[in-house]
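Just so it is clear, none of the values below were taken in a lab; they were calculated from the coordinates. All figures in this text were calculated on a predicted structure; none of them were measured in a lab. Please note: Cβ atoms are built from the backbone with ideal geometry, for glycine as well, and neighbour counts cover all protein chains shown.
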């Protein structure tokens with residue numbers, strides 16, 4: 001057992017879906033898995049392992065909380081303590097482009113960030129966190145097979161949820177698609193530990209138009225994103 005995950009060795013699959021919201025992890029396990037075991041309840045950050053319905057594929061889903069420091073803890077422990085080889089973030093994001101509306105799906109090719117975490121790691125130099133190409137390409141092909149429209153490109157991972165200075169507008173001008181709070185750290189740790197990682201994001205609000213989904217919608221209605229993730 002690790003500090004924040006009380007699974008036994010072997011209790012976590014090599015592939016882990018990583019929503020921020022632990023209730024979304026519960027929803028995924030209850031609706032997409034069979035033969036489910038709950039392996040983690042520490043801090044109510046639920047983790048489950050099961051078999052994807054209709055397949056023999058064993059997979060886990062683990063809540064990671066909000067923000068890069070929280071995600072970093074769970075990703076580190078999943079990799080170092082449980083030998084996880086593939087992490088797929090299934091999260092929500094705010095659109096920075098008018099034409100990308102709510103419930104649109106974004107595949108994050110890379111991630112900008114305002115976080116000091118990489119600034120400290122790389123002693124003031126800039127590291128460009130990127131998705132694993134094989135996962136990104138496969139997710140794109142799956143979306144085409146499922147006839148789901150996706151947007152692929154750069155996103156912005158921020159430490160600040162309520163941005164009073166509207167820094168997102170600067171990133172929007174450079175074609176950045178969406179803003180969230182985790183992907184830069186996920187891709188950085190994946191690069192360090194030589195595992196595969198991809199963020200698949202569903203747009204929950206549009207910062208340009210003001211369109212917004214409810215918290216219940218964010219928890220329970222992102223099934224298209226799940227279908228892509230579970231096919232990888």
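Here are the numbers:
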quantity: Residue in segment 41-53 that is in a loop (DSSP other than H, G, I, E, B), over 18 Å from the mean Cα position of the chain (by Cα), farther than 20 Å from residue 132 by Cβ and without any contact (Cβ under 8 Å) to a residue 40 or more places away in the chain present; calculated: yes
quantity: For residue 72: the one exception among (1) surrounded by fewer than 24 Cβ atoms within 10 Å (Cβ to Cβ); (2) more than 21 Å from residue 128 (Cα to Cα); calculated: (2)
quantity: Members of segment 133-167 found to be part of a helix (DSSP H, G or I) and buried (at least 19 other Cβ atoms within 10 Å of the Cβ), listed by number; calculated: 135, 136, 139, 143
quantity: Selected residue (criterion: farthest from residue 57 (Cα to Cα)) from residues of segment 1-37 that are more than 19 Å from the chain's Cα centre (by Cα) and in a strand (DSSP E or B); calculated: 37
quantity: Any hit, segment 196-203, residues being surrounded by 21 or more Cβ atoms within 10 Å (Cβ to Cβ) and part of a loop (DSSP other than H, G, I, E, B); calculated: no
quantity: Pair list, Cβ under 7 Å, 6 or more apart: segment 81-100 residue farther than 24 Å from residue 149 by Cβ, other residue assigned to a helix (DSSP H, G or I); calculated: 84/78; 87/75; 87/78; 87/186; 87/190
quantity: Which listed residue is more than 12 Å from the chain's Cα centre (by Cα) and surrounded by fewer than 22 Cβ atoms within 10 Å (Cβ to Cβ), from 209, 188; calculated: 209
quantity: Residue 12 being surrounded by 23 or more Cβ atoms within 10 Å (Cβ to Cβ) and free of Cβ contacts under 8 Å to residues at least 60 places away in the same chain; calculated: no
quantity: From the options 186, 135, 201, residue that is out of contact with any helix residue (DSSP H, G or I) (no Cβ under 7 Å at 6 or more places or on another chain) and under 19 Å from residue 70 (Cα atoms); calculated: 201
